[in-house]
Amino acid sequence: MQILTKITEIQAACKQLRIENKSIALVPTMGFLHEGHLSLIRLAKKEADIVVVTRFVNPAQFAPGEDLDAYPNDAEHDYKVTKEAGADLLFEPLSSSMYGENHATWVEVPEMAKFLCGKTRPTHFRGVCTVVTKLFNIIAPDVAVFGEKDWQQITLIRRMVQDLNIPVRIVGGALIREDDGLAMSSRNAYLTKEERSLAPHIRKALLLLDEKVKAGEKSASVLTDIFQKYIAKNIPMASIDYMSVVHPDSLESVENIEDKTLIAVAVNVGKARLLDNILL
Ligand code: PAF
């Protein structure tokens, strides 16, 4: 696996691959890779001849006061596991090369960014869409793979790609969990031992809601109430950022469960903001 840091180098490498008629799959990451990321790399491997992984903690998607400076990092581990998972190229640019001093262009999908995470992180998806567009322009992949844990992120990226006619196919990788059900996330590293032992209750709460729906419950407000009470009882130190019952494509709230409904949650446990979701 080749590790490249310069935009011109990765552009030249991808250009050469296209001349050789090789298809390219992109897996964008912010590093500190876990099994969830590796499953995306393995999925990418099935989708194209060459897998390019990017490792870049994108400052534009963090607001002042968020965890940009504390974001966990383990380069040696990332190189090892990325290679083992089958990546061919790893691109890790410097922040200064991705965002010049005069950077003034942003890509936004405001109608969809205002829901869910966008309520408390209003500039987050502007940063995500901008960096993902830049990576698409630099690498020009045939396919790009994103995890479905960040459901809102992949939904916005799909819309952006469609609206801007970006010639890339977006593939979703299933959410990967720890054995006790906690959704894998680099931010799980922030949890203390006690918080980590209680965090799987987020998944348990979602499974409880699934059971209620299967037993006939249709009301989003009743489900919200059940979720809030379950979390208050089982993770006393948690604060719920949101628990939203939405249409999975539009992300608009629904009052009653329909055929296709997503429950998405963000729960703050200590320093970690934990996302999870369930498609009903
Ligand atoms: O999901 C992430 O890790 C990031 O939001 C992404 C897609 C790599 C963009 O920085």
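Just one of the listed residues (ARG169, ARG126) is open to solvent by 10 Å² or more (accessible area, probe 1.4 Å) and over 20 Å from ASN58 (Cα atoms), and it is ARG169. If the condition is being more than 26 Å from PRO28 (Cβ to Cβ), in contact (Cβ under 8 Å) with a residue 12 or more places away in the chain and not in a helix (DSSP H, G or I), then segment 182-231 contributes THR192, PRO200, GLU217, LYS218, SER219. Of all the numbered requirements in (1) farther than 20 Å from TYR99 by Cα; (2) touching a Ser or Thr at 6+ places or on another chain (Cβ under 6 Å), VAL53 misses one, and that requirement is (1). Only a single criterion out of (1) open to solvent by 30 Å² or more (accessible area, probe 1.4 Å); (2) closer than 21 Å to ALA60 by Cβ; (3) away from the ligand (no atom under 12 Å from the Cβ) is not satisfied by LYS134, namely (3). TYR79: surrounded by 15 or more Cβ atoms within 10 Å (Cβ to Cβ), of a type in the set (Ser, Thr, Tyr), modelled with pLDDT of 95 or more and away from the ligand (no atom under 13 Å from the Cβ), yes or no? In short, yes. Against the conditions (1) among the small types (Gly, Ala, Ser); (2) exposed (fewer than 15 other Cβ atoms within 10 Å of the Cβ); (3) away from the ligand (no atom under 16 Å from the Cβ), GLY181 satisfies every one except (2).
Of the residues making up segment 184-200, those that are touching a Gly at 6+ places or on another chain (Cβ under 7 Å) and more than 16 Å from the ligand (Cβ to nearest atom) are LEU191, THR192, GLU195, PRO200.
The values are calculated or read from the model by the stated rules, or taken from the named source; none is laboratory data. Remember, predicted model here, so these are calculated numbers, not experimental data. Virtual Cβ from ideal backbone geometry, glycine too; neighbours counted across all protein chains shown. With ligands, DNA and RNA removed, areas are computed over all heavy atoms of the protein, side chains included. Shrake-Rupley method; radii C 1.70, N 1.55, O 1.52, S 1.80 Å.
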